[in-house]
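As structure tokens, the structure follows; a few thoughts come after it.
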Amino acid sequence: MKNMTILIVDDDPVVRKMLEKRLEKAGYEVLIAEDGYQAEKILTQQHVDVVLTDLMMPGTIGGIEVLEIAKKLNSSIEVILITAHSSVDTAVAAMKKGAADYLEKPINFDELFLRLEKIANVQSLLRNAMDISEAMDTTESVASETIQNLEIRTAELQGRLNTLEDILRDEKIDSYDRIYKALDLLEKFK
Amino acid sequence: MLKISPEELKLVAQYIYDVSGIYLDQSKSYLFETRLGAIAAEHGCNTYKELYQKAKTDPSKIFERKIIDAISTNETLFFRDKGPFELLQHKLLPEMIDARTPNSPNLKTNIKIWSAASSTGQELYSIAIIIKELLPNSSKYSVQLLGTDISDGAVAQASRGKYNKFEMERGLPGDKLQRYFTMFGDSWTIKDEIRAMVQFKKFNLMMPFTGLGKFDIIFCRNVAIYFTLPDRQKLFNKIADSLADDGYLIIGSTESLTGICPRFIPKRHLRSIFYQKTK
Ligand SMILES: C[S@@+](CC[C@H](N)C(=O)[O-])C[C@H]1O[C@@H](n2cnc3c(N)ncnc32)[C@H](O)[C@@H]1O
């Protein structure tokens, strides 16, 4: 399983710093955006596995919009929303738009790490599934080629054996000549 | 997802072939798009041509690494196909141990085994587990287990020895899982006693095999299928050079060396096939 890159989007510098520290310590790659605009810029320029965004932010790009932008750019990006208790309804509505999950403030880090671990697992499963179908494809086509070649080769060898037998059984020729002819033929097969 | 044009397809396929020997069918444009699209986006490339040019000129080789990681098919599992591992346990290892045991009791028995395309490590860890169970008194034996792969990502994952549930459940019997792995959250990590037995390194099989030394047993499974016929021929020729005269080669269960390398002859044991060098 590989390391995930997580984009933190929050207008509160204290929350940003704290999230950044904890996530980096846990071994994740961390990117930071102060608002939805920055988030959009980063999303169009860099590879991100998970977006961790505040739901309510100043400006016209809030958490829901960040979710929509991320999903539109790459549907395999997972988005976790951070909400105040009072806006849980909005968060639930966001889940319908494709958010992976939401966390209530104050953030419980054990809970956050568990969710991230789950997402990492799903993403590595997705890669496994892609690799399986690709590997099956290649194995199948190469194996069928191999079988065809072996089939033709076996038939060729059988054909040569038959010719040899015909020569060796040919009573119209004396035995010395038969052996000579047979050896000649074998020489040609090499 | 960024679309790839036919010209770009040719360019990128040739690039991938040049750096890895992996021959990709150009009818598989979806493969290029799903696997390279994210890298293009991540580096702000608007076309695959741009990505290609960056990759070709990048001295740090970061692009090359990422492209290889993305394009290589790392599909593997613990004890894949079972047969080769039973063969190893019941025939190849006991015979090799006999052949390599020195006359003097003070000397160690040295054996070198190579997993030539180790991907995320399951093949080599399966071999390590068999050796652990077969040779509990390990001080008498020195078994070197080397795993190599061209993908940095796969090598890193192999070295970490961390697997998701699905990777664990495929092929790994429950008792081995409990005995040799520790669970954390949704994933499992190989125990140090097994990890300490193996070494993983990045290595491109298209390169000359200098400095690798000779091996007693080589596993080269399910990697040659991604190469062209001439490259397969070269590969198995180099493998013949790196294998001890009485060594064993194991290839994938759907592969064949007929018409590829006359230096090897197949031998059958129970339901498995292994190869030895012709005299
Ligand atoms: C399908 S996996 C096989 C893994 C394992 N041997 C097995 O049979 O389960 C193929 C592996 O070959 C590696 N590979 C592809 N081209 C390679 C090259 N030129 N040199 C070394 N490894 C390569 C890929 O990175 C991938 O991990």
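Measuring r between the beta carbons of A:Leu161 and B:Gln53 and using R0 = 35 Å, the FRET efficiency lands at 0.05.
Among A:His85, B:His269, B:His43, a tally of other beta-carbon atoms within 10 Å of each Cβ gives an order, fewest to most, of A:His85, B:His269, B:His43.
In square nanometres and to one decimal, what's the mean projected area of the convex hull around the Cα atoms of region B:6-71?
Working: hull surface 15.5 nm².
Answer in nm², one decimal: 3.9.
Taking chain B as a Gaussian network of alpha-carbon nodes connected by springs under 10 Å, the highest mean-square fluctuation of the residues B:Tyr125, B:Tyr52, B:Tyr30 belongs to B:Tyr30. Distance between the modelled labels on B:Met183 and B:Thr278, one decimal in nanometres: 5.3 nm (7 Å Cα→Cβ projection).
Taking the charge dipole of chain B about its Cα centre, with +1 at Lys and Arg Cβ atoms and -1 at Asp and Glu Cβ atoms, the residue from B:Gln53, B:Ala116, B:Pro136 reaching farthest to the positive side is B:Pro136. Take every Cα pair under 8 Å whose residues are at least 6 apart in sequence, average their separation, divide by the length of region B:36-149, and the relative contact order is 24 percent. Among A:Glu68, A:Glu111, A:Glu40, the largest mean-square fluctuation in a Gaussian network model of chain A (Cα springs under 10 Å) belongs to A:Glu111. Only helical runs count toward this figure. For chain B, summing -39,500 (n - 2.57) over DSSP H runs of n ≥ 4 and dividing by all residues gives -12000 deg cm²/dmol at 222 nm. What the Cβ-Cβ distance of A:Leu73 and A:Lys190 gives, at R0 = 51 Å and to the nearest 0.05, is a FRET efficiency of 0.25. Highest mobility in the GNM of chain A, judged by mean-square fluctuation with C-alpha springs under 10 Å and restricted to A:Glu156, A:Glu65, A:Glu117, is found for A:Glu156. The three principal axes of the C-alpha atoms in region A:136-189 carry coordinate ranges of 56, 17, 7 Å, sorted with the longest axis first.
Each label was represented as a point 7 Å from its Cα along the Cα-to-Cβ direction; for B:Thr258 and A:Ile42 these points are 5.8 nm apart. Can you pull a Stokes-Einstein diffusion coefficient for region A:47-150 at 37 °C (0.692 mPa s), Rh from Kirkwood over Cα pairs, as a whole number of µm²/s? Roughly 206 µm²/s, to the nearest whole number.
Shielding value for B:34-41 is 3, the average number of Cβ atoms from other chains within 10 Å of each residue's Cβ. Scattering from the protein assembly as shown was approximated by placing one identical point on each alpha carbon and applying the Debye formula without solvent; log10 I(q)/I(0) at 0.08, 0.09, 0.10, 0.13 1/Å stands at -0.61, -0.74, -0.86, -1.23. Each of B:Tyr141, A:Tyr102 was scored by other Cβ atoms within 10 Å of its Cβ. Listed from fewest to most, they are B:Tyr141, A:Tyr102.
Mind putting a number on the dipole of the protein assembly as shown about its Cα centre? Charges go on the C-beta only, +1 for Lys and Arg and -1 for Asp and Glu, and I need it in Debye to the nearest 20. List each step's numbers first, then the result.
Numbers: 62 positive and 66 negative charges, 312 e Å.
Dipole size: approximately 1500 debye.
Over region B:6-71, Cα pairs under 8 Å with separation of 6+ residues give a relative contact order of 36 percent. Summing Lys and Arg as +1 and Asp and Glu as -1 over all other residues whose Cβ lies under 13 Å from the Cβ of A:Asp166 gives a net charge of +2.
A P(r) calculated from all alpha carbon pairs of region B:189-270, with 10 Å bins opening at zero, reads 14, 46, 29, 10, 0 percent. Look at where the Cα atoms of region B:1-18 and of region A:1-29 average out, and the two centres are 35 Å apart.
Spin-label pair B:Ser139-A:Leu150: with each label point 7 Å from Cα along the Cα-Cβ axis, the two points sit 4.7 nm from one another. With one equal scatterer per alpha carbon and no solvent term, the Debye-computed log10 I(q)/I(0) for region B:122-228 at 0.22, 0.23 1/Å reads -1.36, -1.43.
By definition, a body whose alpha carbon gyration tensor gives a ≥ b ≥ c is prolate when a/c is 1.5 or more and a/b is larger than b/c, and chain B fits this prolate description.
When only C-alpha pairs under 8 Å and at least 6 residues apart count, what is the relative contact order of chain A, in percent? With pairs under 8 Å counted, the relative contact order is 14 percent.
Cα-Cα over 28 Å: which of B:Lys238/B:Lys267; B:Lys28/B:Lys238; B:Lys112/B:Lys267; B:Lys54/B:Lys234; B:Lys3/B:Lys234; A:Lys190/B:Lys10? Please list the in-between numbers first.
Values: B:Lys238/B:Lys267 20 Å; B:Lys28/B:Lys238 30 Å; B:Lys112/B:Lys267 21 Å; B:Lys54/B:Lys234 30 Å; B:Lys3/B:Lys234 35 Å; A:Lys190/B:Lys10 39 Å.
Result: B:Lys28/B:Lys238; B:Lys54/B:Lys234; B:Lys3/B:Lys234; A:Lys190/B:Lys10 exceed 28 Å.
Of all DSSP bridge pairs formed entirely within the protein assembly as shown, close to 25 percent run antiparallel. By other beta-carbon atoms within 10 Å, ranking B:Lys132, B:Lys112 with the fewest at the front produces B:Lys132, B:Lys112.
Hey, what's the Cα Rg ratio for chain A versus the globular rule of thumb, 2.2 N^0.38 Å?
Here the answer is 2.06, to two decimals.
Values in this text are rule-based calculations from the coordinates and carry no lab data. What you see is a predicted model, and the numbers here were worked out from it, not measured in a lab. Neighbour counts are summed over all protein chains in view; Cβ atoms, including those assigned to glycine, are modelled from backbone coordinates with ideal geometry.
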